[in-house]
Each structure stands twice: as structure tokens, then as C-alpha cells.
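Working notes, structure below.
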Amino acid sequence: MHVLSVAAGPVEREVLAGIEEEGVPFVLSRPAADTDADELAQTAARGSPLDVGVGIDRHGRVCIRHEMLTAPMPDLACDGAASVGAARAAGHNAARIVVGVPLRLSPTVARSAAT
């Protein structure tokens, strides 16, 4: 899986930990352009041999995309900066898409935690 992140820090660490816990290999890259999480995820998915990409923008927003989907799924993108719990869950869900097992979706996982 390919992860494009412009925001090193706790959100990125948690996304990567979630992916790793599911046993899916990933490559982390730092893009030159500072774009939003959705565009980063779309680019990552296109460049991933597993067809799944994760984008993390400078605001801490996280988005998961599959190469075959034309638009992001609302439950797989944070509306705002992701909490560490939501970031870890996003990593798990990105990996689960690759593995083909059910996702762990809940309002606190699928959306950013504004609390």
C-alpha cells in the first residue's frame, strides 16, 4: 500500500501503526506538493501495486482511496484533523480493504473527532 503524507507526527504514526497491525506492507512517501488528503490518497492509490492509497494532509486530515473508485467514500475520510484513535482506525481500514475483510466503521472512527 502507498501512503502519501505531508504531515509527520502523531496522526501519521497512528495510521502506519494501524496498517502494520493488519500485516499489510506499505511505502511512505513525502510528496513535493502540499495538497489535500483526498488528492494525496487518489495519487497514492494509483501508484500502489495493491490499488489502495492513504493521504494525510498538513491539517492532519486522512483519506483512504481505492484506485477503482472515482470518489472517496464518506466513511473513509476525515472531515477535519483526525484524532489519534481515528487515525489508527483509518490505518486498520485501509489495510482491511487490501486484505478483503470487513471494515471497522463507527461514527468516531469514520469521522474526525472534534472533541
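The values are calculated or read from the model by the stated rules, or taken from the named source; none is laboratory data. Keep in mind that this is a model prediction, so the values were computed, not measured. Ideal geometry is used to build each Cβ from the backbone, glycine not excepted, and the neighbour counts take in all protein chains shown.
Which of the residues spanning segment 44-83 are β-branched (V, I, T) and over 18 Å from I19 (Cα atoms)? Residue satisfying the conditions is T70 alone.
Listed conditions (1) modelled with pLDDT under 95; (2) over 19 Å from V6 (Cβ atoms); (3) surrounded by fewer than 17 Cβ atoms within 10 Å (Cβ to Cβ) are all met by V109, apart from (3).
Report whether or not R58 is more than 19 Å from M1 (Cα to Cα), charged (D, E, K, R) and at pLDDT 90 or above. So R58 passes the test.
Evaluate the following for A86: is it outside any helix (DSSP H, G or I) and modelled with pLDDT under 95? Answer is no for this residue. The set of residues in segment 29-80 that are without any contact (Cβ under 8 Å) to a residue 40 or more places away in the chain and basic (K, R) comprises R30, R46, R65. Once segment 6-42 is narrowed to residues that are over 12 Å from the mean Cα position of the chain (by Cα) and of a type in the set (V, I, T), the residue that is modelled with the lowest pLDDT is T35.
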